[in-house]
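The values are calculated or read from the model by the stated rules, or taken from the named source; none is laboratory data. Every value quoted in this text rests on a predicted model; they were computed, and no experiment measured them. In this analysis, Cβ positions are derived from the backbone assuming ideal geometry, glycine residues included, and neighbour counts consider all displayed protein chains.
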Amino acid sequence: MISTSDGRATLDGRTERISSETDRALFHSLRTQVDAVMVGTGTIAIERYGPLARRPEVRRHRAALGLPEAPLCVTMSRSMELPVDAPLFQDPGTHVVVLTNSDREPPPSRCRLTVERLPGKDLDLVAGAATLRGRHGVRAMLLEGGPTVLAAMVNAGLVDELFLSISPLLVGGGEPSLLEGTALDPPRRLALVSVLEEESYLFLRCRIVA
């Protein structure tokens, strides 16, 4: 995740203008090491997500680690209203798994789409994680946001570490914060693992302490 120095997760609704080349390089580097990438439907739509391993170096690094060239893409939806016009859903080579508690059918898309239906009135993310492990072999998953999904996953106890880039910008206004929609009770404590600095950006790696 990336945040401005006053805690905003976007500028004009997107992360591009608060990011940097180093931030994007680290972002793609993390994709080389995981079985799956999870991202909310709103972020897919706003950021116009495409295939997750477009960069040749990402595919090469994953292959060297014995991983498939592209990670599995995971999203979640209570309504099954998916942003199928985004490039991600239009790529036949992409496999998307949707976690849902809805009985609605997904809209047509060109990607390989798997719907995993979870029982219950609420979308049980713990059950979703178990389903991803049992049916899709997901051991390590990178969560790329957005803020609503991150808050829900932290609240469910499903986030072990936070990779947080802090941008040297103050933007104010009504942009979303790093966590949205779910109050954490009790608040979670972070333990700093490492910190890097470049061009006044701070790149934090933190462990979430139970």
Name the one entry in 59, 48 that is out of contact with any Ser or Thr (no Cβ under 8 Å at 6 or more places or on another chain), basic (Lys, Arg) and within 30 Å of residue 122 (Cβ to Cβ). 48
State whether the residues of the range 154-174 include one that is assigned to a helix (DSSP H, G or I) and either modelled with pLDDT of 95 or more or of a type in the set (A, V, I, L, M, F, W, C) (or both). yes
Considering only residues that are of a type outside the set (S, T, N, Q) and part of a helix (DSSP H, G or I), which ones fall in the range 39-49? 42, 44, 45, 46
Only one of these is among the acidic types (Asp, Glu), at pLDDT 95 or above and in contact with a Leu (Cβ under 9 Å, 6 or more places away or on another chain): 198, 144. Name it. 144
For the range 1-49, how many residues meet the condition of being buried (at least 17 other Cβ atoms within 10 Å of the Cβ), closer than 22 Å to residue 160 by Cβ, among the polar types (S, T, N, Q) and touching a residue at least 40 places away in the same chain (Cβ under 8 Å)? 2
What strands (runs of 3 or more DSSP E), lying completely within the range 50-126, carry at least 2 residues that are surrounded by fewer than 18 Cβ atoms within 10 Å (Cβ to Cβ)? 112-117
Selection status of residue 138, buried (at least 16 other Cβ atoms within 10 Å of the Cβ), within 24 Å of residue 51 (Cβ to Cβ) and of a type in the set (A, V, I, L, M): yes
Among the residues listed as 188, 110, 133, the single one being farther than 21 Å from residue 35 by Cα, free of Cβ contacts under 8 Å to residues at least 24 places away in the same chain and of a type in the set (Lys, Arg): 110
